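Notes follow the structure.
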């Protein structure tokens with residue numbers, strides 16, 4: 001006898017009465033042999049459920065052996081999972097809510113069903129964001145943005161998927177979209193991850209130019225203390241140095257570096273030293289700035305990482321301010337080359353500005369402004385405009 005073929009995504013097929021309905025859904029959604037112990041966790045009245053399945057159209061396809069059970073049936077769920085994370089078109093075509101419209105009076109089963117529906121949706125978004133990310137890496141930014149915009153219009157978001165989408169928008173230099181997506185699901189994010197999401201939301205708002213809301217959140221995180229509070233200070237300092245308060249930026253950088261030393265946190269140490277170097281250059285202390293930024297590059301080496309093009313650009317700017325134009329130009333050109341390789345317009349803008357500072361050639365300043373606009377970095381764009389008018 002041939003097996004049964006059932007569609008379970010976006011619809012609920014004909015089912016036996018409860019709890020047989022729950023058993024049929026479970027076995028269709030989880031093909032293969034299932035133990036009695038596994039099934040009883042979600043369907044406590046398993047024997048009654050088995051009787052109802054045997055008496056239904058699924059009866060001839062129910063197989064039992066050594067306390068295990070399976071339906072000799074194919075469902076679109078299996079095909080969906082075979083496409084997921086690999087084939088965006090196939091995944092999108094097959095997607096639908098698992099057993100759409102079905103609700104169970106069995107609490108354990110309903111909890112499982114809701115979790116399974118979230119997993120199916122998360123796989124859809126994982127496939128969409130994965131495909132969009134691949135397009136972005138290939139330089140097809142507009143196609144990547146069109147793909148996720150279409151997905152947003154067509155499918156709901158759950159917290160884990162929203163955070164993946166927010167990461168994509170951040171990589172695509174769309175901070176306003178990053179903030180929008182995080183804000184939409186912030187209260188639904190599990191508490192242990194929510195503070196990190198708050199920090200990312202504040203960083204995105206800062207970059208998008210929504211400074212009042214961002215600053216309020218960063219101060220709140222700083223007041224709460226801990227690692228995220230220190231990172232909030234770094235973000236606030238990075239904004240301060242671009243808005244004319246280099247003294248505040250320097251203080252926050254030194255506090256962050258002290259915390260990094262105590263925690264042996266290389267990432268935080270690099271961020272703190274970058275901020276310190278930028279602040280010292282702004283304060284007219286370029287020699288000290290080169291020392292701080294050189295230390296940041298040293299930590300890169302210890303961590304086995306390639307040099308950040310932003311650190312190289314900041315170091316170039318410090319050398320230019322110190323009077324070493326040739327060294328500044330060499331570093332800035334290296335920074336620009338690396339920024340281009342990474343498709344990082346913000347780093348490219350910083351490198352081009354350093355080239356302008358090293359050479360005085362106005363064309364570099366104009367190119368820096370264009371790259372800043374491409375990066376979607378509102379505070380840096382505004383700073384470049386102020387410097388152009390000075």
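Would you work out if the range 1-74 is rounded, prolate or oblate? Take a ≥ b ≥ c from the square roots of the eigenvalues of the alpha-carbon gyration tensor; rounded if a/c is under 1.5, else prolate when a/b is larger than b/c, oblate otherwise. Rounded, because the longest to shortest axis ratio a/c is under 1.5.
Relative protection proxy for 319-325, 103-109, from highest mean packing down: 319-325, 103-109 (other beta-carbon atoms within 10 angstrom). The angle between the Cα long axis of helix 141-154 and the main principal axis of the chain comes to about 40°, on a 0 to 90 degree scale. In this label model, residue 37 and residue 72 are separated by 2.8 nm, measuring between points 7 Å along each Cα→Cβ vector.
Measuring r between the beta carbons of residue 337 and residue 155 and using R0 = 56 Å, the FRET efficiency lands at 0.90. Beta bridges assigned by DSSP with both partners in the range 1-124 are antiparallel in approximately 70 percent of cases.
Given the DSSP H assignment, sum -39500 (n - 2.57) over each helix run of at least 4 residues in the chain and divide by its residue total; what's the result at 222 nm in deg cm²/dmol, nearest 500?
-23500 deg cm²/dmol, from helical runs alone.
If each residue of separation counts as 0.36 nm, what is the full-extension length gain between residue 224 and residue 82 once their alpha-carbon separation is subtracted?
Numbers: separation 142, 0.36 × 142 = 51.12 nm, distance 4.46 nm.
Roughly 46.7 nm would be gained on extension.
Taking a ≥ b ≥ c as the square roots of the eigenvalues of the Cα gyration tensor, the range 306-390 is oblate, since a/c reaches 1.5 or more and a/b is not larger than b/c. Taking the C-alpha atoms only, the angle from helix 175-185 to the longest principal axis of the chain is near 40 degrees. The DSSP beta bridges internal to the chain are antiparallel in roughly 70% of cases.
Between residue 115 and residue 382, the FRET efficiency estimated from the beta carbon spacing at R0 = 56 angstrom works out to 0.80.
Please state the relative contact order of the range 310-390 as a whole percent: Cα pairs under 8 Å, 6+ residues apart? Result for the range 310-390 is 27 percent. Stretching residue 4 away from residue 254 to a fully extended chain increases their span by 83.3 nm, per 0.36 nm per residue minus the current alpha-carbon distance.
Could you tell me which of rounded, prolate or oblate describes the range 88-201, using a ≥ b ≥ c as the square roots of the eigenvalues of the alpha-carbon gyration tensor, with rounded for a/c under 1.5 and, failing that, prolate when a/b is larger than b/c and oblate otherwise? The shape class here is oblate.
Here mean projected area of the Cα convex hull in nm² was calculated from the structure, and among [x] 25.3; [y] 29.4; [z] 23.2 it sits at label [z]. Between the helical axis of 20-29 and the longest alpha-carbon principal axis of the chain there is an angle of about 50 degrees.
Only the coordinates and a few stated rules stand behind these numbers; no lab work does. Note that this is a predicted model, so its numbers are computed, not measured. All Cβ positions, glycine included, derive from the backbone under ideal geometry; neighbour counts span all protein chains shown.
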